1. Can you give me the P(r) profile for the stretch 97-199? Cα pairs, bins 5 angstrom wide beginning at 0, each as a whole percent.
2. What is the dipole size for the chain, taken about its Cα centre, with +1 at each Lys and Arg Cβ and -1 at each Asp and Glu Cβ, in debye to the nearest 20?
3. By the gyration tensor of its Cα atoms, with a ≥ b ≥ c the square roots of the eigenvalues, what is the shape of the stretch 3-43: rounded for a/c under 1.5, prolate for a/b over b/c, or oblate?
4. At a Cα cut-off below 24 Å, give the lysines reachable from Lys48, other chains included and same-chain residues fewer than 8 away excluded.
5. Dipole of the chain (Lys/Arg Cβ +1, Asp/Glu Cβ -1, origin at the Cα centre): which of Ser161, Thr10, Ser76 lies farthest to the positive side?
6. Pop out the ³J(HN,Hα) list for the stretch 53-62 in order, Karplus 6.51 cos²θ - 1.76 cosθ + 1.60 with θ = phi - 60°, rounded to Hz; leave Gly and Pro as x.
7. Pairs to check: Lys119/Lys140; Lys119/Lys183; Lys96/Lys127. Give those whose C-alpha atoms are more than 30 Å from each other in this structure.
8. With a 10 Å radius around each residue's Cβ, average the other Cβ atoms per peptide and rank 134-141, 115-122, highest first.
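Values quoted throughout were computed directly from the atomic coordinates according to the rules given, and no laboratory measurement underlies them. Note that this is a predicted model, so its numbers are computed, not measured. Quick reminder, even Gly has a Cβ in these numbers, built from the backbone with ideal geometry, and neighbours come from all protein chains shown.
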Amino acid sequence: MMMQEFTERTGFEPTYDEYREIEEAYYDFDGNKDEFCADWVKNGGASKVYAARVKKIEQLKSQMLELDRQAKKAASDYEAKIKRLEKKLEEEQEWKPYEDPHNVKQADYDALAADSFTKILSDDEAKEMIAQEFGFDPAKITIVHEVFTEEINRHGQLRRSGTTPRMALFHAWDWNYIVFNIKGTTTMGWEMHNGHLQMYWG
């Protein structure tokens, strides 16, 4: 019996796999096509197929949940392994704080900032001082308020590790600090330190 013949006789359209089971039952049935189909309908064949479908769907859901659980566990295991390797690599590279020798040292800046007579300059005050001392156009000056911190490893490689405040400070004309950029220049920046101008390498 063909699947189409079964469908025409029962009004039920099974899947290919479902019909293979129905066909096996037909081969074991003692009767012709019409009798088998009538018996199949009478004995709730469609309901049984629907029940089997529900059971199969539940099995597939269970399998999917298990596969998802396994995938999440594998991802978690890989992530933990990567973190261990990253930590090991970090330890092997021996990263340490680094300061570019061309720039004002953080310790020098901190000493100026810690003095009770040191004043934090506004951007306008800092721009005016820079313009007065070095002749830059105030309109092209941008005062910088923080700079990047860096680290160096045992192989001499550098990386940025964060930022640290570098407010414009004034204590006296020979003890001060301002870091700034000039619009339209190709340099990374400038530092005014104790009345002297130098490039900032950052």
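1. All Cα pairs considered, the percentages come to 2, 12, 23, 24, 18, 12, 6, 3, 1.
2. My answer is approximately 300 debye.
3. On the way: a/c = 1.75, a/b = 1.19, b/c = 1.47.
Oblate is the answer for the stretch 3-43, as a/c is 1.5 or above yet b/c matches or exceeds a/b.
4. Lys33, Lys56, Lys61
5. Ser161
6. Ordered by residue, 3J(HN,Hα) equals 4, 4, 4, 5, 4, 5, 5, 5, 4, 4 Hz.
7. Lys96/Lys127
8. Details: 134-141: 13.5, 115-122: 11.9.
With the highest mean Cβ count within 10 Å placed first, the list reads 134-141, 115-122.
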